[in-house]
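Beneath this line is the structure, given in structure tokens, with notes to follow.
The values are calculated or read from the model by the stated rules, or taken from the named source; none is laboratory data. Please read all numbers here as calculations on a predicted model, not as lab measurements. Ideal geometry is used to build each Cβ from the backbone, glycine not excepted, and the neighbour counts take in all protein chains shown.
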Amino acid sequence: MVDGKCQMVEHQRLRPVMLAGTGSDVGKSILATALCRIFLQDGYHPAPFKAQNMALNSYATPEGLEIGRAQAVQAEAAGIPCHTDMNPLLLKPQSDHTSQVVLNGVPIGNRDAYDFWKKEPLSPDGHFPLGSHPQGENHPDGLPPHYGGGSGRGSIDFRQEVCAAFDRLSQRYNPIVMEGAGSISEINLRDHDLVNMPMARHANADVILVGDIDRGGVFASVYGSIVLQTPEDRQRIKGIIINKFRGDLRLFDSGRKMLEDLCGVPVLGVVPYYKDIHIEEEDSVDLATKSMQAERGKVNVAVVLLRHLSNFTDFNVLERDPRIHLFYTNNTDDLLKSDIIILPGSKSTLSDLYELRRNGVAQAIIRAHREGATVMGICGGYQMMGMEVCDPQHVEGNIDRLPGLGLLPTTTTMSGEKVTRQVTCEYGSGYEIHMGETKPLHAEPSPLLHLNDGTTDGYYVDEHCMGTYVHGILDNPLFIEKLLTPFKGKMAQASEAFDYQAFKNEQYDKLADHVRRHLDMERLYQLLTPNSQLP
């Protein structure tokens, strides 16, 4: 050990490690992020992997393909570009029963949850295209299509797809930090599971079971999760991590021994709950609880809380900027107190636009803008700010057309083709993930951004009214300065532009240090080292 870090042989090959959970939201993603950073610090070349993810918060890879945001964050912690092989199957919920299916970065249609889990054959109704691989010749690795193994002719064998992605990734990186999904004890889904223990078997991974002590019942959930496994899978679980512990760690010493005696598996660490480390989240469950009271001496920025809000991480940098007070709301009075209102991305633009018009939020935004507030739309929010949103092909649902907010002289037409790409402009970089095309309506083009490929993006009326398709544009200090320019006189104290990239790297290091202090890394390395002799 040197400076608290295990000094390992740089090119030593380690077995993959999977962080599996006793349930959802136990901290698997965060711990995977921490391990990616720790392995990087210790001289390895790690990469994250999650076979199947379900999230609205997605990200565009350098190749212009789509993956879950959590794996993009983990790749950033590992110091590498993100790639679809890190999350080959992404499900983006569209309702309680259906999801858009994104395979190897490309949307291949919508699927009912029951049909998806029952692995019904693909049909010619447009849900899954027949006769060609969804990525075709555009697959970044130039790989052949994989069909067969399903329940009928033309089926996509999702298990073969995710396993092939892992195999490609494992050839390029060492070690692979795998993440499971939800609980590993959903035995009714065992035969169709693509992401937990069957994936660990394919990868020959050592599984570390994560339990959340903060929610209670950690003994039952850890013990039950292990006992419900098949004998083969039970042998694969090599360690336990107790996460989100509050209080004096010494109080759990007896509990640690009880768990080890009950389960026959070592507890590798008890990781305390923290509040002072900020890592981008995958889920938006806590957005509505953020402070909604306007603050003096700061620029008050309201993000409209949509039902189908996506890519809320667009606003993380605004939360950290000391000159800004950011909150999420759909309360009309709160919106009228804001200096800047941002309409965020949406997974269902027409549905959210309909709701904004029904509940009075649309009228409140128009009034706030008339009284001097800046209104900015991103992606779906940009589409809503125009004169109309049309869906003649019923891409999103049964609504043919809705009038927009009328703040931009534009019209949007939905289409089945999704745009996913990374872009660079005069302010910095970002990425696009959207369906639909927005054009000026009886007006001259007035782009907000000029992209490096010679094209333009968005619409700019003036410093108080603008829209863009580019997610991540707010991560760029130059654009933040542009957005805040009308409110410089209101800010209580001058401050330099906030360096979000430096902040994120600092947080990854803080997270790694926190987990390293409370995890037996020496034993973990022994577990992952082939042919090692454990004491």
Practice item. Answer yes or no: is there a residue in the stretch 367-379 that is assigned to a helix (DSSP H, G or I) and not basic (Lys, Arg). Key: yes
Say whether the condition of being modelled with pLDDT of 95 or more, more than 23 Å from the chain's Cα centre (by Cα) and closer than 17 Å to ILE378 by Cβ is met by at least one residue in the stretch 469-476. no
Taking the stretch 439-476 and keeping residues buried (at least 22 other Cβ atoms within 10 Å of the Cβ) and in contact with a His (Cβ under 6 Å, 6 or more places away or on another chain) leaves TYR469
Filtering the stretch 201-220 down to residues that are surrounded by 21 or more Cβ atoms within 10 Å (Cβ to Cβ), out of contact with any Phe, Trp or Tyr (no Cβ under 8 Å at 6 or more places or on another chain) and under 16 Å from SER183 (Cα atoms) yields VAL207, ILE208, LEU209, VAL210, GLY211, ASP212, VAL218
Residue count, the stretch 68-87, condition modelled with pLDDT of 95 or more, surrounded by 24 or more Cβ atoms within 10 Å (Cβ to Cβ) and either charged (D, E, K, R) or outside any helix (DSSP H, G or I) (or both), comes to 4
Looking across the stretch 393-438 at residues that are part of a loop (DSSP other than H, G, I, E, B) and among the acidic types (Asp, Glu), the single one that is surrounded by the most Cβ atoms within 10 Å (Cβ to Cβ) is GLU396
Reported set for the stretch 316-349 where residues are in a helix (DSSP H, G or I), hydrophobic (A, V, I, L, M, F, W, C) and within 23 Å of the chain's Cα centre (by Cα) is VAL317, LEU318
